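In what follows, a single structure is set out as structure tokens and then discussed.
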Amino acid sequence: MKILVVDDEEDVKSLFEQKFRREIRGGQFEFSFAFSGEEALEYMQNHPSEVVMILSDINMPGMSGIELLKRIRTDHPSAPPQVMMITAYGDAANHDQAMQLGADDFLTKPVNFNELKEKLLLL
């Protein structure tokens, strides 16, 4: 399964690669990383059918995760990837807005990687 992780914190890449080392080695998951909403849209433009799941931070400079979610749901309506929003702020307003815009799930930071693995394995 191809997963695009969108987060402005670049240490997220090594964290995901460490936490999912076994699944990556076994070919269960393949991760790509974008460090901004704009970079994520560019990646999806260049790899339109590859991405099955997007894990996006909400609070990023430039294009927020909420804006990215709006663009994904507008630009890829026929076969939209699953989108899981991640935020350090588990507030109801962010959650409700993300779900109204078509998010499939919502996680709070720090990410519980065991919970995330379970959710990804159900896809």
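For the chain, what is the calculated [θ] at 222 nm in deg cm²/dmol (nearest 500), taking -39500 (n - 2.57) for each run of four or more DSSP H residues and dividing by its residue count? Kindly include the intermediate steps, with their values, before the conclusion.
Values: 6 runs with 53 residues, N = 123.
Helix-only estimate at 222 nm: -12000 deg cm²/dmol.
Using a 10 Å cut-off around each Cβ, can you sort V12, V111 from fewest to most neighbouring Cβ atoms? Can you show the working numbers first?
Numbers: V12 20, V111 15.
The most exposed by this proxy come first: V111, V12.
Pull out the extension gain between K13 and D105, defined as 0.36 nm times the separation in residues minus the alpha carbon to alpha carbon distance; nm, one decimal.
Details: separation 92, 0.36 × 92 = 33.12 nm, distance 2.05 nm.
Value of the extension gain: 31.1 nm.
Could you list I3, I24 so that the one with the fewest beta carbons within 10 Å of its beta carbon is first and the one with the most is last?
Exposure proxy ranking, most exposed first: I24, I3.
Roughly how many nanometres apart are two label points built 7 Å out from the Cα toward the Cβ at D91 and T74?
Taking the two extended label points, one gets 2.4 nm.
So how far apart, in nm, are the two label points at L122 and E30 if each is 7 Å from Cα heading toward Cβ?
2.6 nm
What length, rounded to one decimal in nm, is gained on full extension from Q45 through to M1, with 0.36 nm per residue of separation minus their alpha-carbon distance?
On the way: separation 44, 0.36 × 44 = 15.84 nm, distance 1.81 nm.
Computed gain between Q45 and M1 is 14.0 nm.
Could you name the aspartates and glutamates in cross-link range of K117, using Cα to Cα under 20 Å and dropping any fewer than eight places away on the same chain?
Answer for K117, where 20 Å is the Cα cut-off: D7, D11, E17, E23, E30, E50, D57, D104, D105, listed by chain and number.
For each of D57, D96, count neighbouring Cβ atoms within 10 Å of the residue's Cβ, then give the residues from fewest to most. All intermediate terms of the calculation are to be shown ahead of the outcome.
Numbers: D57 22, D96 11.
The fewest-first ordering by Cβ neighbours comes to D96, D57.
None of the figures in this text is laboratory data; all of them are computed from the coordinates on show. Just so we're clear, the structure is a prediction, and the values are computed from it rather than from any experiment. Quick reminder, even Gly has a Cβ in these numbers, built from the backbone with ideal geometry, and neighbours come from all protein chains shown.
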